[in-house]
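One structure coming up, written as structure tokens, with questions to follow.
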Amino acid sequence: NYLGEVQKDVLILCSGWRDKINLEDSLFAGAMADILSEKFNFQIDSDASLAAKYLYHSAKEDPDKFLRNSSHRRRLAKLNLKEDVKYSLSFDKTEKIPIFKDGKLINLRQYEKANI
């Protein structure tokens, strides 16, 4: 909601894995693009964001199934991190939301508390 309220440009930076795209980052970017464009009327100005949004639409009913054969998912399964994968596919689960302010990343919640 914060992004919708401030109505400023948003950059979604997907880290990938070892210089390669991974699907879960793209799904997250697509979910963000979808929410911002549909709920807050943000304009999508790049094909990458539009593609991520369409990918999210394809996966949102069952992201676990959608990612079942992804390389990163298989790697995490080999490391017995299934619960981490389950958590990462959930929405609205963290209070740690980074924002870029005065040249550094800070926690949004701390910023809001300091500016009340």
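What is the extension gain from SER70 to TYR54, computed as 0.36 nm multiplied by their sequence separation minus the C-alpha to C-alpha distance, in nm to one decimal?
Working it through step by step, the gained length comes to 4.0 nm.
For the chain, with only Lys/Arg (+1) and Asp/Glu (-1) charged at the beta-carbon, what is the dipole magnitude about the Cα centre, in debye rounded to 20?
That gives a dipole near 580 debye.
Compare the Cα positions of TYR87, ILE44, PRO98 along the charge dipole of the chain (+1 at Cβ of Lys, Arg; -1 at Cβ of Asp, Glu; about the Cα centre) and return the one farthest towards the positive end.
My answer, from the dipole projection, is TYR87.
In addition: Taking the Cα atoms of region 2-114, report the difference between the largest and smallest coordinate on each principal axis, in whole Å and largest first.
Rounded to whole Å, the extents work out to 42, 29, 27 Å.
Expressed as a rounded percentage, what relative contact order does the chain have, with Cα pairs under 8 Å and six or more residues apart?
The normalised contact order for the chain reaches 17 percent.
Something else about it: Please determine, in degrees from 0 to 90 and to the nearest 10, the orientation of helix 47-59 with respect to the longest principal axis defined by the Cα atoms of the chain, where the helix direction is its Cα long axis.
60 degrees
At a Cα cut-off below 29 Å, give the lysines reachable from LYS86, other chains included and same-chain residues fewer than 8 away excluded.
Of all the lysines, those that pass the test against LYS86 - Cα under 29 Å, at least 8 places apart if same chain - are LYS20, LYS39, LYS53, LYS60, LYS65, LYS78, LYS96.
Helix-derived [θ] at 222 nm for the chain: sum -39500 (n - 2.57) over DSSP H runs of at least 4, divide by residue count, nearest 500?
Calculated at 222 nm, the ellipticity per residue is -14500 deg cm²/dmol.
Given R₀ = 25 Å, what would the calculated FRET efficiency be for ASP62 paired with LYS113, taking r from the Cβ atoms and rounding to 0.05?
0.10
Here, each number is a calculation from the coordinates, and none is a lab measurement. Predicted model, so just to flag it, every value in this text is computed and none were measured. Using ideal geometry, Cβ is built from the backbone for each residue, glycine included, and neighbour counts are taken over all protein chains shown.
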